[in-house]
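Engineer: Before anything else, here's the structure in question.
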Amino acid sequence: MAKTMEVVDISSELFDEIASKFSTEERELSRQIIKCFVDGGLSVKVKQYHQPCMKGTFRILCFIKKSAEAVIINNKGMGRDGVSFQVRIDDRNTLNKLDDLNENIKTQILDANGCGHCSSKCDDKRYVFTYQDKEYVKCHFLCNNFTFQNINENDIESLTSIIKNEIEYRQ
């Protein structure tokens, strides 16, 4: 029986294949994210799907710790149209500095789905923060976490800043 999915280490050739249909901004952001992890000696893997319905679907998995992805770059699908960047934000101070981020990234954080209590672990893991006198409760788990799409040139600095901060915070 053929494998339906495999996980392999990232390579420049595989990245080029995955990013071939990315916009210029998505490709640049992906390169910078991968560079942050590789330069820090952290693991970057690629989940490659082989089912006919998932043909051409890849997920780039960036790990700070072995068991939980810090960033997932989806080339398509996974409940969204087009390229998406899923980011787990463990440093809650990031959510207290939203005005330091560009408008698109800040808006996507604020508009992210609220915590749906999908796990018994939710209570102590939810993101609870206040922005402009409004309380927000967001999900910590990557199934319903901060997902960024429609990346433009101005978003790259904000997202790489969040990711670099996460690497520093979690090491």
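What follows draws every value from the coordinates through simple rules; no lab data is involved. These figures come from a predicted structure and were not determined experimentally. Note that each Cβ is placed from the backbone with ideal geometry, even for glycine, and that neighbours are counted across all protein chains shown.
Engineer: Filter segment 129-171 for residues that are under 21 Å from GLU26 (Cα atoms), outside any helix (DSSP H, G or I) and not β-branched (Val, Ile, Thr) and give the result.
Structural biologist: Once the filter is applied, which keeps residues that are under 21 Å from GLU26 (Cα atoms), outside any helix (DSSP H, G or I) and not β-branched (Val, Ile, Thr), segment 129-171 yields ASN145, PHE146, PHE148, GLN149, ASN150, ASN152, GLU153, ASN154.
Engineer: Right, VAL83: buried (at least 18 other Cβ atoms within 10 Å of the Cβ), more than 26 Å from GLN171 (Cα to Cα), aliphatic (A, V, I, L, M) and under 13 Å from the mean Cα position of the chain (by Cα) or not?
Structural biologist: yes
Engineer: Among the residues of segment 59-110 satisfying the criterion of being in contact with a Phe, Trp or Tyr (Cβ under 9 Å, 6 or more places away or on another chain) and among the hydroxyl-bearing types (Ser, Thr, Tyr), which is nearest to THR147 (Cα to Cα)?
Structural biologist: Out of the qualifying residues, it is SER84.
Engineer: Right, another one. Any idea which of ILE72, ILE33, ILE64 is in contact (Cβ under 8 Å) with a residue 24 or more places away in the chain, of a type in the set (A, V, I, L, M) and not in a strand (DSSP E or B)?
Structural biologist: Residue meeting the stated conditions: ILE33.
Engineer: When the residues of segment 43-63 are filtered to those that are in contact with a Lys or Arg (Cβ under 9 Å, 6 or more places away or on another chain) and among the hydrophobic types (A, V, I, L, M, F, W, C), which remaining residue is farthest from ASP16 (Cα to Cα)?
Structural biologist: That would be PHE63.
Engineer: Next up: Residues of segment 99-116 being touching a Leu at 6+ places or on another chain (Cβ under 9 Å) and buried (at least 17 other Cβ atoms within 10 Å of the Cβ), which ones?
Structural biologist: Answer for segment 99-116, where residues must be touching a Leu at 6+ places or on another chain (Cβ under 9 Å) and buried (at least 17 other Cβ atoms within 10 Å of the Cβ): LEU101, ILE105, ILE109.
Engineer: Another one. Please indicate, with yes or no, whether at least one residue in segment 5-18 is touching a residue at least 60 places away in the same chain (Cβ under 8 Å), in a helix (DSSP H, G or I) and in contact with a strand residue (DSSP E or B) (Cβ under 7 Å, 6 or more places away or on another chain).
Structural biologist: Going through segment 5-18, the residues touching a residue at least 60 places away in the same chain (Cβ under 8 Å) turn out to be none.
No, there is no match, as no residue in segment 5-18 is touching a residue at least 60 places away in the same chain (Cβ under 8 Å), in a helix (DSSP H, G or I) and in contact with a strand residue (DSSP E or B) (Cβ under 7 Å, 6 or more places away or on another chain).
Engineer: I would also like to ask the following. Give me a count of the residues in segment 41-67 that are out of contact with any Cys (no Cβ under 6 Å at 6 or more places or on another chain) and surrounded by 14 or more Cβ atoms within 10 Å (Cβ to Cβ).
Structural biologist: 16
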